[in-house]
1. Using a 1.4 Å probe on the protein heavy atoms, what percent of the accessible area of the range 244-361 belongs to carbon and sulfur?
2. How about LYS272: which aspartates and glutamates have a C-alpha closer than 16 Å to its C-alpha, ignoring those fewer than 8 places off in the same chain?
3. Within the range 1-110, report the chymotrypsin sites (Phe, Trp or Tyr not before Pro) that DSSP leaves as loop and that have at most 12 other Cβ atoms within 10 Å.
4. Express in nm, to one decimal, how much length is gained between TYR30 and GLU287 on full extension, taking 0.36 nm for each residue of separation and deducting their alpha carbon distance.
5. Would you mind classifying the chain by shape? Square roots of the alpha carbon gyration tensor eigenvalues, ordered a ≥ b ≥ c; an a/c under 1.5 is rounded, otherwise it is prolate if a/b is larger than b/c and oblate if not.
6. Under a GNM of the chain (C-alpha, springs under 10 Å), which listed residue has the highest mean-square fluctuation: GLY33, GLY88, GLY161?
7. Could you calculate the contour length gain from SER37 to LYS265, that is, 0.36 nm times the residue separation minus the distance between their Cα atoms, to one decimal place in nm?
8. List the GluC sites (Glu not before Pro) in the range 1-81 that DSSP assigns to loop (not H, G, I, E or B) and whose Cβ has at most 11 other Cβ atoms within 10 Å. Which are they?
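The values are calculated or read from the model by the stated rules, or taken from the named source; none is laboratory data. For clarity, every value in this text was computed on a predicted model and none was experimentally measured. All Cβ positions, glycine included, derive from the backbone under ideal geometry; neighbour counts span all protein chains shown. Protein only, heavy atoms only, side chains kept; ligands, DNA and RNA dropped before computing areas. Shrake-Rupley method; radii C 1.70, N 1.55, O 1.52, S 1.80 Å.
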Amino acid sequence: MQFIDLQAQYKSIESKILKRINGVLNHGQYIMGPEVSELESELSEYVGVKHSIGCANGTDALSIALKALNIGEGDEVISTPFTFFATGETIAMAGAKLVFADIDPNTYNINAELIEEKITAKTKAIIPVSLYGQMSDMDKIMEIAKKHNLYVIEDAAQSFGAEIQGRKSCSIADISTTSFFPAKPLGCYGDGGAIFTNNDDLAKSIAEIRNHGQSKRYTHTSLGYNSRLDTLQAAILLEKLSVFPKEVELRQTVAMRYEEHFKGKIKTTRIKEGYKSVFAQYTIEVENRDSFIEKMKQDGIPTAVHYPVPIHHQPIFQKLGYGKIDMPLADIASQKVVSLPMHPYMENADQDKVIKAVLKNI
Ligand SMILES: *Cc1c(COP(=O)(O)O)cnc(C)c1O
């Protein structure tokens with residue numbers, strides 16, 4: 001059994017993908033070919049946002065967003081300690097100070113109630129991460145940002161396709177970023193990412209920054225990155241996006257089946273009323289994680305831990321002076337969470353095996 005079965009999806013759309021790849025090989029515009037802008041407009045339509053800008057990966061997407069908002073030395077950015085390293089990495093790389101707010105232990109997302117007390121005169125932005133595929137409390141976060149004149153960047157690397165009361169992830173914040181890393185809900189066959197905004201001026205600078213700060217050919221109006229989305233990856237994503245809405249529904253079915261069997265027996269990630277998760281991960285909590293993982297392995301079931309070490313405990317952040325920070329709820333989560341096999345094409349028989357093993361091994 002695989003943790004995420006990417007082959008199952010490929011087999012179901014193989015001829016369409018190969019046709020798209022062939023199209024690119026035939027026209028030969030490997031960099032910023034027509035598939036890139038075709039994908040960008042399809043992404044905008046799907047998300048319900050004015051501008052989508054492809055880029056090289058989800059990490060660059062964050063760096064470009066920070067750069068477009070002019071965030072750097074002397075600025076503070078409020079974010080969660082419980083996320084993939086890239087969120088903290090890009091903030092620190094931009095030269096800004098990362099200010100943590102602890103998580104809601106039921107959703108593992110930043111606790112919006114803890115944000116306001118962290119705001120200082122230097123605060124410039126809030127970066128909520130939509131962890132495991134569920135958006136943070138974006139309404140509350142946007143309200144706080146508005147009140148204190150701050151920007152919001154949604155790190156939606158795990159939540160493309162998620163919703164709050166029908167509004168999609170990547171459509172609410174000033175800038176949203178996502179990743180098309182193969183294992184993400186919408187993944188390509190290599191690295192890829194995208195940036196979203198409703199603001200025309202921001203869209204223009206984001207598009208420039210991702211291509212060497214170029215406003216037109218050989219005219220560089222800012223310092224940027226070489227962070228374009230490959231035409232081949234855009235072509236692949238166009239086919240994958242066409243089956244994505246169906247896959248989001250299949251993800252709900254798989255997650256609901258887990259939920260039915262675990263209810264009252266295991267702490268699972270709480271999906272809030274009116275929220276729709278895309279279940280980038282299906283994550284539960286166990287007490288003796290090491291032995292649980294070992295027993296699952298003996299039963300032939302792969303698991304993964306997202307994430308065993310919160311950002312502030314990472315060696316580099318200790319070195320950067322974040323050593324004394326106390327984030328008790330992120331710490332507890334990092335010791336207990338474990339993710340189970342989860343993908344849209346999971347068969348009932350496989351899922352039954354996972355459920356049986358989990359209930360036996362907890
Ligand atoms: C995967 C991920 C990223 C980085 O995306 P890449 O495409 O791998 O660079 C950033 N933030 C979060 C929360 C992620 O899960």
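1. Numbers: 3190 of 6020 Å².
Roughly 53 percent of what the probe reaches on the range 244-361 is carbon or sulfur.
2. LYS272 reaches ASP104, GLU113, ASP137, ASP139, GLU163, GLU259.
3. Details: sites: PHE3, TYR10, TYR30, TYR46, PHE82, PHE84, PHE85, PHE100, TYR108; in loops: PHE3, TYR30, PHE82, PHE84, TYR108.
Passing sites in the range 1-110 are TYR30.
4. Working: separation 257, 0.36 × 257 = 92.52 nm, distance 4.93 nm.
The span from TYR30 to GLU287 would gain 87.6 nm if fully extended.
5. Working: a/c = 1.84, a/b = 1.12, b/c = 1.64.
Verdict is oblate for the chain.
6. Its mean-square fluctuation being the largest, the pick is GLY33.
7. 77.3 nm
8. Details: sites: GLU14, GLU35, GLU38, GLU40, GLU42, GLU45, GLU73, GLU76; in loops: GLU73.
For GluC sites (Glu not before Pro) across the range 1-81 that sit outside H, G, I, E and B with at most 11 neighbouring Cβ atoms in 10 Å, the list reads GLU73.
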